[in-house]
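The values are calculated or read from the model by the stated rules, or taken from the named source; none is laboratory data. Nothing here was measured: the structure is a model prediction, and the numbers come from that model. Please note: Cβ atoms are built from the backbone with ideal geometry, for glycine as well, and neighbour counts cover all protein chains shown.
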Amino acid sequence: MVIVMAPEATPDNIDNLVDLVATAGGEAYVTRGVSRTIIGLVGDVQQFETLDLRAMPGVSDVLRISAPYKLVSRENQPSRSMVSVRGVPIGADTMTVIAGPCAVETPDQTLAAARMARAAGAALLRGGAYKPRTSPYAFQGLGEAGLKILSDVRDETGLPVVTEVVDAADVELVAGYADMLQIGTRNMQNFALLQAAGEAGKPVLLKRGMNATIEEWLMAAEYIAQRGNLDIVLCERGIRTFEKATRNTLDISAVPVAQNLSHLPVIVDPSHSGGKRDLVLPLSRAAIAVGADGIIVDVHPTPETALCDGPQALVEEDIAALADLASTLSGLTGRVLTPAPQPLPA
């Protein structure tokens, strides 16, 4: 069950409802959005229905939701939501390109990749300072030094930063530098990390687990929302199947399915799904055509020397093609390509 508070509801109204639910043996999770506050109730629904919650001051509506993911479901919010990342919108009616190096290696490499991202039409910069890798001997990222590089590059280019956090203990540190926290495929069901990210006060990009169903993906988003954060963007990045021709199998049908089940924006990662440079642009076309709210791609100035995922990174000659297809297809699908913000004056 979900309580939707009126815009004029006061903090006392909310506190009184939380206390009332507690006296009935339930738990209340408060999520404060831009325009309204939502309170998710966990416990005996029949007991809640005896409380006459609709008559409480500040209450706009009370919804009984059948989906197991209460806060992120379309039953809770029929209209598609928009997430703002330092002023950059991701959601319905927009097409937002996120681009950058898979891993931050050096200041020069990251700045060059960020300039490539802007040229490709990107409005957000992705880059990994922490890299969870299959092999313990592979490059694991620069850590806080990488975060500082991303912060400097943001100042230089104006592009807000999306970067991955891999441990709940690092959320506060990463949130101090990043504009959006990314939860990767390997951590989609790291519940302590999801809860910590939900409490950090930053938008969250949640990648689908490589072996996860769509319902499991949405339940992971619910962990974040339950901690008071509905600024969540879902990312379809391909799932593991028997097929070996691609790194992962891009489940393009997951985009409209997730959009029908949840009000959250849904973007696609054509780089990690295809795993090969020559597949990124075709998969980007498919993502935009199917109605994705954005794409996130790898770019690198010298992929042959990349410390992480060089074979899938776009190079200079791909940038114009990516910019053209993002601009052209966005218009054909009734969306506006999100422009990159301008750098702040020195």
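What the table below lists for this structure:
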{"read-out": "2 or more residues of a type in the set (S, T, N, Q) and either free of Cβ contacts under 8 Å to residues at least 60 places away in the same chain or surrounded by 14 or more Cβ atoms within 10 Å (Cβ to Cβ) (or both): qualifying strands (runs of 3 or more DSSP E) within segment 1-120", "value": "94-100"}
{"read-out": "Matching residues in segment 122-140 - criterion: being touching a residue at least 24 places away in the same chain (Cβ under 8 Å) and surrounded by fewer than 23 Cβ atoms within 10 Å (Cβ to Cβ)", "value": "Lys131, Pro132, Arg133, Ala138, Phe139"}
{"read-out": "Residues located in segment 313-324, provided they are out of contact with any Cys (no Cβ under 8 Å at 6 or more places or on another chain) and closer than 29 Å to Ser135 by Cβ", "value": "Leu314, Val315, Asp318"}
{"read-out": "Every residue from segment 145-180 that is assigned to a helix (DSSP H, G or I), free of Cβ contacts under 8 Å to residues at least 40 places away in the same chain and out of contact with any strand residue (DSSP E or B) (no Cβ under 9 Å at 6 or more places or on another chain)", "value": "Ala145, Lys148, Ala168, Ala169, Glu172, Leu173, Gly176"}
{"read-out": "Top-ranked residue of segment 114-142 - restricted to ones that are within 21 Å of Val165 (Cα to Cα) and more than 21 Å from the chain's Cα centre (by Cα), ranked as modelled with the highest pLDDT", "value": "Leu142"}
{"read-out": "All positions within segment 287-320 that are surrounded by fewer than 16 Cβ atoms within 10 Å (Cβ to Cβ) and assigned to a helix (DSSP H, G or I)", "value": "Ala289, Glu304, Thr305, Pro311, Glu316, Glu317, Ala320"}
{"read-out": "Condition check for Ala323: part of a helix (DSSP H, G or I) and within 14 Å of Ala99 (Cα to Cα)", "value": "yes"}
{"read-out": "Criterion: among the small types (Gly, Ala, Ser), in the same structural domain as Asn248 (by TED's automatic domain parsing) and over 23 Å from Ile295 (Cβ atoms) - qualifying residue of Gly184, Gly201, Gly209", "value": "Gly201"}
{"read-out": "Selected residue (only one of Ile232, Ile224, Ile267 is touching a Cys at 6+ places or on another chain (Cβ under 6 Å) and touching a residue at least 12 places away in the same chain (Cβ under 8 Å))", "value": "Ile267"}
